[in-house]
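Report on the structure given below.
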Amino acid sequence: MRRQISTIFCDDIRQEAGGKLSLMGVYSGVMFVPDFPIILPKLCISITAVTPSKNPFKKISFKIFKADDVLAENEIDANQLIELSKNQNNVVENDGDKIHMINMALVFAPLQIEKECVIRIRVYADDEEELRGPGLSIKLGDSNLLLN
């Protein structure tokens, strides 16, 4: 298994009893808006970075881009990663291999969108590897057209 990330874009992320997360209003790669510019009341992003236990992250940073602008960035240092790796909720079995998962939830409220763009996620691991997750295209259009 190789390192990878997954991203989920949605309207809200809620912490439930028992530690579960609920993701509300999940987007499938495209968000249609009626006009530009627009202010989104809230956009949430769930990011999961995965690495084999044999190759743990030593340093990891997350960057979120709106087109070429950096919306947010966060770094998890070596000491934090060691603590996270001790948490058994972050270690899972995958086809006989153990993998470590680092989860991050980000909330942008409000978020102004001036024109069509793509929200992109980049994760930089150990100062040498760039991991890319699926982005969210924000386009002018009518989301009801998708239902017909």
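Quick note: the coordinates plus some simple rules give every number you see, no bench work behind them. What you see is a predicted model; the values in this text were computed from it and never measured. No Cβ is skipped: glycine too gets one built from the backbone with ideal geometry, and neighbour counts run over all protein chains shown.
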Checklist line | Net charge, P52 excluded, C-beta distance under 9 Å - Lys, Arg +1, Asp, Glu -1 | finding: +3
Notebook entry, point to check: Do the sum for the chain: with -39,500 (n - 2.57) for every DSSP H run of n ≥ 4, divided by all residues, what is the mean residue ellipticity at 222 nm, to the nearest 500 deg cm²/dmol?
Noted result: -1500 deg cm²/dmol
Notebook entry, point to check: Say each of L21 and T48 gets a label point 7 Å from the Cα, pointing the same way as Cα to Cβ; how far apart are those two points in nm?
Noted result: 0.9
Margin query: For the stretch 1-53, which trypsin sites (Lys or Arg not before Pro) pass both filters: DSSP loop (anything but H, G, I, E, B) and at most 11 other C-beta atoms within 10 Å?
Written below: R2, K20
Item checked: Local electrostatic count, I113, Cβ distance below 15 Å [Lys/Arg +1, Asp/Glu -1] -> -1
Notebook entry, point to check: Which ³J(HN,Hα) values in Hz, rounded to whole numbers, follow from the phi angles of the stretch 39-51 under the Karplus curve 6.51 cos²θ - 1.76 cosθ + 1.60, where θ = phi - 60° and Gly and Pro get x?
Noted result: 10, 7, x, 6, 9, 10, 10, 9, 10, 10, 9, 10, 9
Checklist line | DSSP loop GluC sites (Glu not before Pro) with at most 16 other Cβ within 10 Å excluded, longest remaining stretch of the chain | finding: 17-113
Next item on the list: With +1 on each Lys and Arg Cβ and -1 on each Asp and Glu Cβ, and nothing else charged, work out how big the dipole of the stretch 4-147 is about its Cα centre, in Debye to the nearest 20.
Entry: 220
Item checked: Cα-based radius of gyration of the stretch 4-147 once divided by 2.2 N^0.38 Å, which approximates compact folds -> 1.14
